[in-house]
1. For region A:391-417, what are the residues that are among the polar types (S, T, N, Q) and in contact with a helix residue (DSSP H, G or I) (Cβ under 6 Å, 6 or more places away or on another chain)?
2. Here is a list: A:Ala437, A:Ala426, A:Ala451, A:Ala420. Which entry is assigned by TED's automatic domain parsing to the domain that holds A:Ala485, loosely packed, with under 14 Cβ neighbours inside 10 Å and in contact with a helix residue (DSSP H, G or I) (Cβ under 8 Å, 6 or more places away or on another chain)?
3. Please work out which residue is farthest from A:Gly198 (Cα to Cα), limiting yourself to region A:253-270 and to residues that are in contact with an Asp or Glu (Cβ under 8 Å, 6 or more places away or on another chain) and of a type outside the set (Phe, Trp, Tyr).
4. Would you mind listing the helices (runs of 4 or more DSSP H) fully within region B:1-117 where at least 1 residues are touching a His at 6+ places or on another chain (Cβ under 9 Å) and either within 14 Å of another protein chain (Cβ to nearest Cβ) or more than 30 Å from A:Pro16 (Cα to Cα) (or both)?
5. Restricting the first residue to region A:194-210 and requiring it to be assigned to a loop (DSSP other than H, G, I, E, B), which pairs with a second residue that is of a type in the set (Phe, Trp, Tyr) meet a Cβ separation below 8 Å and a spacing of at least six or different chains?
6. State whether one or more residues within region A:462-477 are assigned by TED's automatic domain parsing to the domain that holds A:Pro366, assigned to a helix (DSSP H, G or I) and either more than 26 Å from A:Tyr381 (Cα to Cα) or of a type in the set (Phe, Trp, Tyr) (or both).
7. If you take the residues in region A:361-376 that are in contact (Cβ under 8 Å) with a residue 60 or more places away in the chain, of a type in the set (Ser, Thr, Tyr) and over 14 Å from A:Ser226 (Cβ atoms), which one is surrounded by the most Cβ atoms within 10 Å (Cβ to Cβ)?
Amino acid sequence: MTRPGFVLEVDDRTPPLVVHEGLGFRLEDFPLGTRVIYPPESLPGIADVEGAVREALLHPVDSDPLPERLFAGMRLTIAFDDVSLPLPSMRRPDIRQRIIEQVLTMAAEAGVDDVEIIAANALHRRMTAAELEHIVGERVFRSFHPQGKLYNFDAEDRDALTHLGTTDRGEDIEISKRAAESDLLVYVNVNLVAMDGGHKSVGIGLASYKSLRHHHNAHTMVHSRSFMDHQKSAMHQSAWRIGRVIKDTVPVFQVETTLNNDVFPRPYEFLMKREWEWSVRDQASMLAARRGLALAPQKLRHKLFHDLRAPYGLTGIAAGEVEAVHEQTLARVHRQQLVEVQGTSDVLVMGVPYLGPYNVDSSMNPVLATCMGLGYYFNSYRGHPVVRRGGAVILYHPLDEGFNQLHHPSYVDFYEEVLAETTDPAVIGEKYERQFAEDPWYRHLYRTSHAYHGVHPFYMWYWAAHAMDHVGDVIWVGGDRRAAARLGFRAASTLADALEMASGTVGTSPSITYLHNPPHLLADVRV
Amino acid sequence: MGFLREGVDDVRRTARGWRWGRRSQVPRSAEPYVEPVRAQVFGSDWARRRPALAAREVAQKVGLEPVFRSQVRTRVEGLDVLDRVEGPVIFVANHASHLDTPLLLLSLPDEWRRRTAVAAAADYFFDTWWRAVGSSLLFNTFPIDRRGGSMSATPGEVLADGWSLVIFPEGTRSGDGWMHTFRMGAAYLSHTHDVPIVPVAHRGTFAAMPRGAGWPGRDEGGRRQLTVRFGEPLRAREGETVRDYAPRVREAVAALLDEDSTTWWEAQRRRATGSTPDPGGPDVATWRRVWAQTESPAGDPPSGPRRRVWQR
């Protein structure tokens, strides 16, 4: 029986608790009375994954079975979520491989010749051949990649885009031409957290800057409470408007999958356990990991962490009409991640881990660390933010990983030039976004190298806009002081110092909540 | 050096946090909810069968009574009420000591004593087999649940079998010797089974053997005086509810206590005017309440010089 998530109250019996901080973790003694939110334990994975996939394709929701929608002579396009999902990457075989193989088997039986497989990476970096192969598997890769039929989506290839019109609010809809002109678009998703999937898949994954700028901006992000709750997220509402227009023109067959919370493989399983339940072996693993990481140079630590492949189990799969499928998907995500929390607190503590969606095999630069802490983790709520308005956020990350020149060239300029000028998301967007988005060099790197699009660091900053608007103080424990100052925040060496610094905002005896993730959790805050 | 020192710090912190060498602990807020364990209750039906009756007769007459009388002096009043009533009845008494049960049982005429069972707390007297066997054999106890719940033998069944019951409606021994609130179980049984309640008041057991004492104490070297007084049987009036009946039972016991410490006539007059002293005692400091109860009731005046075998 899987135990649900719960809220611990730190007392004199509580051992030190794990806090992730970049390429490592620390043990922290939290003040007595601190609330610690633990995610539910990992749900059991489906044993017969192949059977579950087949069942979903043959008995879709609000749609004819997939084989009935396939016919000889048709144009079939399969799109799939890129390397930003899941986190960490999944052990082989990836769930997307298993689904795509079955879709292709059915397509082959129906005599479909014209098939293209597109990674829906929007403005993310192009994946390497090895990364593509990891996701779709060797058979699919060998059959399609050499012929150029398995490729990354290019949002700057004007010839490969098509404008489908605008929504009733004037939002442009510009997506992949191949996808838009297909007789059937099968989208294979991995719904790791509640913000993924639904109309966000096609409407964002296969869209260009022209379309994305309508919802990826500071205004919508401040009005997304949170972006993990699509009904209360201005970004999702825009994506839903766009998706409904797409649905009228493009026949979409959505396949959504949900994973359990098995994030850390052996010997790091102790990171998923509740600390007071650690066995002697877990304690020994923790001590060994701590010493090993302390001894290892940065490069080795980076390799140790980024080589981890999660032993995720599949908790469910649904296929068919986008919105009906997504409803089922969200229910499963909530079952795995939702934790009921009573009331808000003055201080929210979060440990930013080594990995976010945009630094797979790359470095967690200060902008991405901010996006991870104040974006993804801060927004991991439903109802109300875990911290009260005007409260303080304490984040753990050394902010010392620097920038990956291959993946994040525009981030360097964003950090050095834009953030030096201002850290206000609205001002930044107004003043600099278009310049970065249309910069020919960034476009070139995005299209031919493995660089994130020039505008991407802006999106990362917008992701944190709601948190910056909501809280009064942000302090990085163990963070590089200069980097924190550039981001517009402050750094402290210990939690006690951070609380001391925050006392001007929240007083000397604030209520504290620590979000104990990863694994992923979603705080259902009742006020 | 930094590496080593940090390593030692980590080990120390782990040893402290996970209590190496000691029993590990779970934070209070993380302790799993455990359903309260229903204590095992040992049955007592056997204690009301013939062999047990015979064994009890021997145990009480040969063992209990001589020991009891050697330790305390007793004065019993009002037994004549039992001539005017047909069994079974429910004896309802105040409760201040473990002496109450032997005092009450040994005060009864033999034919009543042999047919009387005592309601005893299931969680106290019936949690282990040896306590259950011991108390059932000696005092003919049967378990009742003080917290509500089903029992192996309900008091109703025991009554229906023709046994009189002894019930202490306070539910537990008084901590200060004064009478506390009565629960409604006895009144309910009397009401539903149409059995009379015989109120019983006793004094001196708290002074002789209060809570925590294992053996009756002595008063200046002599045996402590206990008094017990049986009152007129009560029945629920026509149309009277249990809620109205139960306070009457407590008043009857209170009046008997008053009578025992003063006279029948004075107690009757006070009862008529509703000025019977509150058996719950005065609202004063706890020590004063206990102090007042540590005095044994006055015994019969000694008749002539005490005779001793060995003259000093």
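1. Within region A:391-417, the subset among the polar types (S, T, N, Q) is A:404-405, A:410.
Within region A:391-417, A:Ser410 is the sole residue that qualifies.
2. Working: A:Ala437 fails: loosely packed, with under 14 Cβ neighbours inside 10 Å; A:Ala426 fails: loosely packed, with under 14 Cβ neighbours inside 10 Å; A:Ala451 fails: loosely packed, with under 14 Cβ neighbours inside 10 Å.
The match here is A:Ala420.
3. Here is the first cut: in region A:253-270, the residues in contact with an Asp or Glu (Cβ under 8 Å, 6 or more places away or on another chain) are A:254, A:261, A:269-270.
Among the residues that remain, those that are also of a type outside the set (Phe, Trp, Tyr) are: A:254, A:261, A:269.
Details: A:Gln254: 8, A:Asn261: 21, A:Glu269: 31 Å.
Among residues in region A:253-270 that are in contact with an Asp or Glu (Cβ under 8 Å, 6 or more places away or on another chain) and of a type outside the set (Phe, Trp, Tyr), the one farthest from A:Gly198 (Cα to Cα) is A:Glu269.
4. On the way: elements: B:2-17, B:50-58, B:65-71, B:100-107, B:110-113.
Here the list reads B:100-107.
5. Going by the 8 Å Cβ cut-off, the qualifying pairs are A:Met195/A:Phe227; A:Gly198/A:Trp240; A:His199/A:Trp240; A:Leu206/A:Phe153.
6. First, pick out the residues of region A:462-477 that are assigned by TED's automatic domain parsing to the domain that holds A:Pro366: A:462-477.
Within this subset, residues satisfying the condition of being assigned to a helix (DSSP H, G or I) are A:462-463, A:465-470.
Going one step further and asking which of them are either more than 26 Å from A:Tyr381 (Cα to Cα) or of a type in the set (Phe, Trp, Tyr) (or both), we end up with A:462-463.
Yes, the conditions are met somewhere in region A:462-477.
7. Filtering region A:361-376 for residues that are in contact (Cβ under 8 Å) with a residue 60 or more places away in the chain, of a type in the set (Ser, Thr, Tyr) and over 14 Å from A:Ser226 (Cβ atoms), the one surrounded by the most Cβ atoms within 10 Å (Cβ to Cβ) comes out as A:Thr370.
Yes/no per residue for (1) touching a helix residue (DSSP H, G or I) at 6+ places or on another chain (Cβ under 6 Å); (2) more than 30 Å from A:Ala294 (Cβ to Cβ); (3) buried (at least 22 other Cβ atoms within 10 Å of the Cβ):
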site: A:Glu9; (1), (2), (3): yes, yes, no
site: A:Arg13; (1), (2), (3): no, no, no
site: A:Gly22; (1), (2), (3): no, no, yes
site: A:Asp48; (1), (2), (3): no, yes, no
site: A:Ser63; (1), (2), (3): no, yes, no
site: A:Ala72; (1), (2), (3): no, yes, no
site: A:Thr77; (1), (2), (3): yes, yes, yes
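The values are calculated or read from the model by the stated rules, or taken from the named source; none is laboratory data. Every value quoted in this text rests on a predicted model; they were computed, and no experiment measured them. Ideal geometry is used to build each Cβ from the backbone, glycine not excepted, and the neighbour counts take in all protein chains shown.
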